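Here is the structure we will look at, set down as structure tokens.
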Amino acid sequence: MDADLVVVGSGFFGLTVAERAAKELGLKVTVIDRRHHIGGNAYSEDDAQTGIEVHRYGAHLFHTSNKRVWDYVNQFTTFTNYVHRVYGVHKGEVFPLPINLGTINQFFRANYSPSEARSLIEEQAGELAGTDPQNLNDKGIQLIGRPLYEAFIKHYTGKQWQTDPKDLPAGIISRLPVRYTYDNRYFNDTYEGLPTNGYTAWIERMADHPNITVQLNADFFDESQPVSKGNAVGNVPVVYTGPVDRYFDYKEGDLSWRTIDFEEEVLDVGDFQGTSVVNYNDADVPFTRIIEPRHFHPERNYQTEKTLIMREFSRFAEKGDEPYYPINTEADRAKLLAYRDLAKSENSVLFGGRLGTYKYLDMHMAIGSALSMFENKIKPHFAGGEALV
Ligand code: FAD
Ligand code: NA
């Protein structure tokens with residue numbers, strides 16, 4: 001095999017490692033991915049009918065407060081000044097989210113000052129004061145009071161988990177932020193924006209180096225592939241960003257995930273909802289939210305005859321579904337510890353990324369964590385022969 005390093009998975013974690021290893025260390029890197037494209041879940045493409053950029057695996061908003069990550073990603077793309085905001089429909093009325101003073105005053109038909117609103121919510125949350133909530137429902141009431149909890153959290157969370165919050169562990173949420181200002185900016189990070197020319201242009205820039213070879217439609221566990229587990233492990237250092245349970249043939253059991261089904265529709269209107277994301281907070285609507293991707297890029301001259309929307313339905317992932325969000329039950333955590341031990345003793349294979357560590361990672365976290373793996377493990381190994389563990 002003509003490679004100094006094999007990277008399994010071309011998401012942001014894998015591509016960051018590959019880019020650094022090729023550019024800074026001059027290594028020959030082979031990146032393989034079982035999909036027909038690079039970029040992992042951040043991949044996007046222009047819809048054929050409308051020309052609108054669609055994030056194929058769900059809406060991806062870039063935001064970070066990490067200057068190192070921000071400087072790194074700006075080598076490959078510029079960012080627009082997009083600022084993310086979310087609205088939610090409850091009983092036929094649209095409210096700003098996350099819950100803020102605007103939401104509270106609209107909901108209670110009031111003109112509360114910040115301190116009046118704070119006192120009201122504290123009083124309502126007092127309903128279960130002094131009790132130790134045993135399920136998500138009681139926890140939610142204790143955090144923000146029954147009225148706001150039942151309007152904006154209860155059914156949305158129930159749809160996300162396909163489970164009545166009374167039957168969900170309290171530990172799923174530790175806090176429900178309520179803002180006592182009218183600020184409804186979704187993220188609080190220093191840097192935010194969307195890649196000016198789209199995610200795929202950004203991702204392609206990262207892989208565009210003479211030392212990087214990409215093999216698509218190539219599953220690491222398919223032994224007929226030129227680069228596979230059988231012929232790579234032990235012969236060349238491997239950075240593996242696929243599912244950790246799959247690597248070890250599920251011998252400690254399956255880790256559980258939620259997935260999302262996307263229902264895409266092209267409509268004969270220029271603008272369906274006036275904004276990029278609208279949540280549906282009530283139980284009578286089966287989907288959790290509607291994304292209208294044209295609003296991610298108001299600066300683009302998209303045609304105005306048609307628009308595209310995606311409805312999102314959340315459910316438990318079965319084998320063969322795309323794993324999106326770790327469920328992280330107690331059983332999952334026990335399995336994960338066992339897989340971590342196996343991963344540690346798997347010589348010269350490093351496990352990284354969302355699937356390789358069974359951890360939800362935003363893009364900036366995946367990139368930050370890949371930069372750290374490069375600095376702390378890959379560089380010392382190639383510079384001084386330190387073992388790759
Ligand atoms: P991935 O992007 O999942 O890449 C892993 C790659 O490994 C995939 O391409 C996969 O095909 C490949 N692979 C797996 N198994 C094998 C195998 N056996 N052989 C070969 N290749 C294999 N982040 C944000 O910052 N903002 C957001 O708004 C946001 N929204 C998200 C919405 C959803 C629904 C999801 C799931 C994630 C979202 N993220 C968001 C997170 C973002 O997608 C992650 O940061 C990113 O996916 C992590 O990158 P990764 O490289 O670890 O994993
Ligand atoms: Na290892």
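The set of residues in the stretch 18-53 being under 19 Å from the mean Cα position of the chain (by Cα), crowded, with 24+ Cβ neighbours inside 10 Å and aliphatic (A, V, I, L, M) is empty.
Would you confirm, using the coordinates I've provided, whether residue 59 is of a type outside the set (Phe, Trp, Tyr), within 12 Å of ligand 1 (Cβ to nearest atom) and either surrounded by fewer than 21 Cβ atoms within 10 Å (Cβ to Cβ) or more than 22 Å from residue 303 (Cα to Cα) (or both)? So residue 59 fits the description; yes.
Number of residues in the stretch 329-359 that are farther than 14 Å from residue 243 by Cβ and without any contact (Cβ under 8 Å) to a residue 60 or more places away in the chain equals 7. In this entry, residue 274 is excluded by the filter for residues that are at pLDDT 95 or above, in contact with a helix residue (DSSP H, G or I) (Cβ under 7 Å, 6 or more places away or on another chain) and of a type outside the set (D, E, K, R). Considering only residues in the stretch 195-224 that are of a type in the set (S, T, N, Q) and over 25 Å from residue 84 (Cα atoms), the one that is surrounded by the fewest Cβ atoms within 10 Å (Cβ to Cβ) turns out to be 224. Only residues that are in contact with an Asp or Glu (Cβ under 9 Å, 6 or more places away or on another chain), surrounded by 15 or more Cβ atoms within 10 Å (Cβ to Cβ) and among the hydrophobic types (A, V, I, L, M, F, W, C) were counted across the stretch 108-157, and they come to 4.
The one condition from (1) more than 23 Å from residue 39 (Cα to Cα); (2) among the acidic types (Asp, Glu); (3) away from ligand 2 (no atom under 16 Å from the Cβ); (4) in contact (Cβ under 8 Å) with a residue 12 or more places away in the chain that residue 264 does not meet is (1).
Per-residue answers, yes or no, for (1) at pLDDT below 95; (2) surrounded by 17 or more Cβ atoms within 10 Å (Cβ to Cβ):
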position: 300; (1), (2): no, no
position: 307; (1), (2): no, yes
position: 312; (1), (2): no, yes
position: 322; (1), (2): yes, no
position: 327; (1), (2): yes, no
position: 341; (1), (2): no, no
position: 346; (1), (2): no, yes
position: 349; (1), (2): no, yes
position: 366; (1), (2): no, yes
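When the residues of the stretch 333-375 are filtered to those that are in contact with a Gly (Cβ under 9 Å, 6 or more places away or on another chain) and at positive phi, the one that is farthest from ligand 2 (Cβ to nearest atom) is 353.
The values are calculated or read from the model by the stated rules, or taken from the named source; none is laboratory data. Keep in mind the model is a prediction, meaning the values are calculated, not measured. No Cβ is skipped: glycine too gets one built from the backbone with ideal geometry, and neighbour counts run over all protein chains shown.
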